[in-house]
């Protein structure tokens with residue numbers, strides 16, 4: 001039976017991981033698929049897994065009273081979704097609704113987290129990789145906050161006094 | 001005695017008494033003579049018809065933010081340096097209508113402007129100014145679209161240059177390699193020789209001009225002016241005068257690697273410092289002989305039936321200059337001063353192949369707060385934090 | 001002696017054929033020469049100076065098909081006095097046009113390579129001409145990728161054309177919005193996030209980026225991160241323009257005159273300047 005190991009080894013998120021760690025990770029991995037409209041996780045639920053999307057599109061949503069669900073961001077093929085499994089309180093901050101049929105590799109976050117606590121080298125490798133994802137998403141979010149396409153990006157212009 | 005016709009590079013002597021003949025020769029050839037004259041306590045450039053209208057017997061004392069006229073103890077015609085005007089006023093008109101438009105149904109009719117271009121003769125053009133004219137030639141006639149307004153005036157100009165007999169308080173042409181000796185680009189070049197203590201047999205003080213022929217037009221003009229061949233001694237004397245001028249510059253600027261120096265230091269704290277003094281009054285750009293920026297204004301009359309497009313001198317120091325919707329790109333004083341200085345001394349090389357500065361010192365004299373471009377360069381050069389320095393400190 | 005004024009400062013008269021409202025604030029003018037003559041050839045990325053009698057003149061990129069020059073098409077935002085007056089034009093009104101001016105997108109250099117068109121907001125207007133060209137000469141190019149970012153779904157410019165291009169099998173069109181509204185089922189995120197997903201070979205690509213300066217800066221940086229050489233990335237700069245022929249000095253950006261050395265520049269030339277403030 002073919003394992004997911006070669007697929008994981010190729011993915012940018014796991015690239016460069018020591019072979020024994022990669023085996024360990026593969027042990028925590030499984031193929032999953034979701035149909036359009038399904039919620040993969042909901043805000044507040046326990047975050048036990050994270051996903052490498054192989055195909056499809058997932059909308060990260062927040063629910064606003066009277067408005068319904070608002071899409072904050074979409075995660076697409078090739079991207080990593082979920083970091084709440086690594087940080088207390090280990091709960092999803094947003095809901096994830098599938099908007100295009102999605103195939104992904106699900107990783108047992110709870111298990112990996114425990115292994116990371118036991119072996120700090122593994123923990124460091126996981127932390128480094130998750131940090132990069134957070135940094136990219138944060139930077140992208142900051143650019144969106146600037147509202148660059150509006151008439152006055154970043155707010156109205158005020159001239160300096162000198 | 002019939003004189004053999006003069007050749008380019010010939011040098012002759014013209015007596016002071018005969019200088020008016022130069023005006024006559026130019027006017028009879030249809031030139032409007034423009035030269036220095038005194039207006040409101042400054043030596044400016046305006047149309048002249050007689051020698052007496054020149055600033056005879058005057059000199060100027062210049063320093064940062066200071067300009068004063070003083071009487072000399074002789075009757076020199078060119079005993080001063082440069083004032084607030086430059087020749088760009090005549091070659092690159094400060095205000096110019098480009099066209100008119102008249103409303104017609106749903107559209108409009110355009111009426112191009114037919115200009116009368118005067119044939120002008122400039123008297124008293126200094127070496128720095130010749131270089132400034134050459135610099136503007138590159139801007140307007142060689143960098144892409146030709147400015148036909150400039151070109152038509154420039155092609156008909158007659159230039160009577162003057163070798164400076166004294167250096168001004170803010171002059172630094174030697175640093176910029178633009179003078180004081182007039183090298184090229186003139187029809188006639190004069191060096192005024194005057195010694196009130198010496199005299200000729202008639203009792204008049206020694207006062208004459210060593211005149212160099214620059215072009216055939218210059219030679220033609222001299223045919224109508226009494227002159228005699230200049231002796232070796234005369235020529236040597238005129239060269240000594242200019243050499244002496246070169247020794248007495250009021251300012252100097254080290255231009256070694258200046259383009260890269262400024263490009264490297266766009267974030268230098270000195271820009272903040274000069275911004276505390278600069279008023280963005282734009283005097284420097286108005287008096288600078290190479291500044292060329294203009295704006296285009298579309299104006300309508302009250303009836304709304306008639307519109308005109310005008311071109312006017314503009315300055316990078318105004319808030320409007322860099323305005324695009326949302327705001328000005330260069331809003332702070334610091335950015336605008338930096339733009340002017342780095343354009344003049346650095347980017348100009350990339351754009352036109354030379355420095356934009358000719359060392360005339362006008363910007364220093366006419367700055368109301370006396371900002372000195374040579375001092376600003378010095379400050380940046382001396383306080384540059386180079387990687388080499390920091391490595392040494394470790 | 002007399003002399004005629006500079007020709008490049010004299011507008012040609014064009015008649016308005018059509019004014020189309022695209023998205024809020026943005027509209028398209030379709031123009032034809034008043035005398036029925038030919039429209040001068042232009043290259044993608046160039047701009048004209050458009051003059052409204054009694055109001056003023058502004059630079060606007062040409063957003064039509066260079067192979068199909070009539071009518072002359074300009075899409076712009078109504079953000080200032082002149083552009084707002086332009087939005088009120090009616091068919092048969094006459095305006096003045098000077099141009100075309102400026103440098104153009106490197107469609108010749110891109111032949112044989114993958115083409116990445118990255119546009120943000122109104123930046124799609126000057127790049128639309130590139131898309132038309134690539135489609136009409138499709139065999140000359142490798143992969144053709146369009147990345148487009150808009151503020152919200154309602155602000156997507158040229159929506160129907162984008163949808164049409166998405167149906168082409170040999171074009172890859174990715175659209176994202178900064179903020180989702182209504183029933184949007186497309187991507188939500190900033191346009192830079194589309195770059196890692198797009199299928200192109202960074203070592204054999206020419207990328208053309210246009211949009212607000214912040215967007216171009218971050219997008220070019222992301223393309224560089226993906227492996228595209230800075231010489232292969234092009235941006236389109238915007239500055240105050242009065243004469244559009246390199247003589248008035250207003251559009252200077254460092255040593256560059258945006259009207260004649262640009263508006264299209266290689267990112268390798270711009271990179272140092274783009275990160276400096278108030279240049």
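Since every read-out is calculated from the coordinates, none of them should be taken as a lab result. Note that this is a predicted model, so its numbers are computed, not measured. Virtual Cβ from ideal backbone geometry, glycine too; neighbours counted across all protein chains shown.
Across the residues of C:115-122, average count of Cβ atoms on other protein chains within 10 Å? Mind dumping the intermediate values first?
Numbers: counts 0, 0, 0, 0, 0, 2, 3, 1.
The mean count of partner-chain Cβ atoms within 10 Å per residue comes to 1.
When the label point is put 7 Å from the Cα of residue B:272 along its Cα-to-beta-carbon vector, which residues of segment B:328-344 have a backbone N closer than 15 Å?
Those under the cut-off are B:332-335.
Is the shape of chain B best called rounded, prolate or oblate, per the rule: a/c under 1.5 gives rounded, else a/b larger than b/c gives prolate, else oblate, with a ≥ b ≥ c the square roots of the Cα gyration tensor eigenvalues?
In terms of gyration-tensor shape, oblate.
Is segment B:113-172 rounded, prolate or oblate when judged by the Cα gyration tensor, a ≥ b ≥ c being the square roots of its eigenvalues, rounded requiring a/c under 1.5 and prolate requiring a/b larger than b/c? List each step's numbers first, then the result.
Numbers: a/c = 3.21, a/b = 1.68, b/c = 1.91.
Oblate is the answer for segment B:113-172, as a/c is 1.5 or above yet b/c matches or exceeds a/b.
Averaged over B:318-329, how many beta carbons belonging to a partner chain fall within 10 Å of each residue's beta carbon? Mind showing how you got there, number by number?
Numbers: counts 0, 1, 2, 6, 8, 4, 10, 11, 10, 5, 4, 9.
Across B:318-329, the average partner-chain Cβ count within 10 Å equals 6.
Run the numbers on chain C and let me know its relative contact order in percent, using alpha-carbon pairs under 8 Å that are six or more apart.
17
Among A:64-70, A:97-103, C:143-149, how do they line up from the highest to the lowest mean number of other beta-carbon atoms within 10 Å?
Taking the mean over residues of other Cβ atoms within 10 Å, the ranking is C:143-149, A:97-103, A:64-70.
Full-extension gain between residue B:73 and residue B:215, please, as 0.36 nm times their residue separation minus the C-alpha to C-alpha distance.
Numbers: separation 142, 0.36 × 142 = 51.12 nm, distance 3.43 nm.
Going from the current span to full extension adds 47.7 nm.
Grab the beta carbon distance between residue B:300 and residue A:20, set R0 = 56 Å, and tell me the FRET efficiency rounded to 0.05. Kindly include the intermediate steps, with their values, before the conclusion.
On the way: r = 80 Å, r/R0 = 1.43.
Taking R0 as 56 Å, the efficiency between residue B:300 and residue A:20 is 0.10.
Residue C:159 to residue C:271: FRET efficiency via 1/(1 + (r/R0)^6), r the Cβ-Cβ distance, R0 25 Å, to the nearest 0.05?
0.15
Starting from the Cα of residue A:135, step 7 Å along the direction of its Cβ; do the same at residue A:35; then give the gap between the two resulting points in nm.
Between residue A:135 and residue A:35, the label points sit 4.2 nm apart.
With axes computed from alpha carbons, what is the tilt in degrees of helix C:124-136 against the longest principal axis of chain C, rounded to the nearest 10 within 0 to 90?
Once rounded, the angle reads 70 degrees.
Considering every residue in B:143-152, what mean count of other chain Cβ atoms within 10 Å of its Cβ is obtained?
Whole-number average of other-chain Cβ neighbours for B:143-152 is 6.
Quick check: the angle from helix B:373-382's long axis to the longest principal axis of chain B, C-alpha only, nearest 10 degrees?
60
If I take R0 = 60 Å and measure r between the Cβ atoms of residue B:109 and residue A:11 in this structure, what FRET efficiency does the formula 1/(1 + (r/R0)^6) give, to the nearest 0.05?
0.30
Taking a label point 7 Å from the Cα of residue B:155 along the Cα→Cβ vector, which residues of segment B:215-257 have an amide N closer than 18 Å to it?
Backbone N within reach: B:217.
Between the alpha-carbon centers of segment B:239-317 and segment C:232-259, tell me the distance in whole angstrom.
Result: 19 Å between the Cα centres.
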